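What follows draws every value from the coordinates through simple rules; no lab data is involved. Given the structure is predicted, the values throughout are model-derived calculations rather than measurements. Note that each Cβ is placed from the backbone with ideal geometry, even for glycine, and that neighbours are counted across all protein chains shown.
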Amino acid sequence: MILPINIYSDDILRLKAKPLKGVDSEIEELIASMFESMHNASGIGLAAPQVGRSVRLLVLDLSYITEYEHEKPMVVINPYIISVKGSCDIEEGCLSVPGVLGYIERPSVITLKYRDEHFEERTREFSGMLARALQHEIDHLDGTLFVDRMEKRDRKKIKKELDAIASGTVNTEYPVVAPKLAKVSKQA
Ligand code: CO
């Protein structure tokens, strides 16, 4: 099922998401819907809070990028970054901040402990776009958006775009939850 994506400045994107205790049929369904919603929006990563669920779960699929075509779609649950190496400046975007791009400096290599779709514990080192996408999605689980990490002068340049998204003036090719509507429905 294609789920609408919560966008800036929805409160749910600012919460610290809760760890999962296991993978039951409801979570399996959520995972399938997250892959479907991400592919529908041509995204390479999606975190559960972006579809209105404040749990520590994210999905990733970089297989359409030539260099990563053999990389299977990934399910990452309760991730924990054990160590980082190096740093690099890469341009990022986000399905929850439509139309905005910005350069962010982050570690270039990460070692990650997480649980997979079977809730089995794994430890693996990631580099390149995988390391970058994982760090971006893990930020979502802690209520952080990539725009928070942009340099001040770059943030000034996108302020108008952010204000427009927050006020509901946004054009996407995928369904979104307008931030104000989201707040109303939470009160109901
Ligand atoms: Co994002």
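Could you give P(r) for the chain, binned at 10 Å from zero, as whole percent values over all Cα-Cα pairs?
Going from the shortest bin to the longest, the percentages are 9, 37, 39, 14, 1.
Could you size up the charge dipole of the chain around its Cα centre, putting +1 on the beta carbon of Lys and Arg and -1 on that of Asp and Glu, and report it in debye to the nearest 20?
940
State the Cα centre-to-centre distance between the range 87-166 and the range 1-69 in whole Å.
14
Which order do the peptides 100-107, 25-32 come out in when sorted by mean C-beta neighbours inside 10 angstrom, highest first?
The peptides rank, most packed first, as 100-107, 25-32.
Using the Cβ atoms and a cut-off under 12 Å, what net charge is assigned to the surroundings of Glu105, where Lys and Arg are +1 and Asp and Glu are -1?
Here the charged neighbours net out to -2.
What FRET efficiency do you get for Lys18 and Arg124 if R0 is 30 Å and r is their Cβ-Cβ distance, rounded to the nearest 0.05?
It comes to 0.80.
How much mean residue ellipticity at 222 nm does the chain get from its helices, if each DSSP H run of length 4 or more adds -39500 (n - 2.57) and you divide by all residues, to the nearest 500 deg cm²/dmol?
-9000 deg cm²/dmol
Would you work out which of Leu60, Thr172, Phe119 lies farthest towards the positive end of the dipole of the chain, given +1 charges on the beta-carbon of Lys and Arg and -1 on that of Asp and Glu, about the Cα centre?
Thr172
Can you tell me, using C-alpha contacts under 8 Å and at least 6 residues apart, the relative contact order of the range 67-129 as a whole percent?
34
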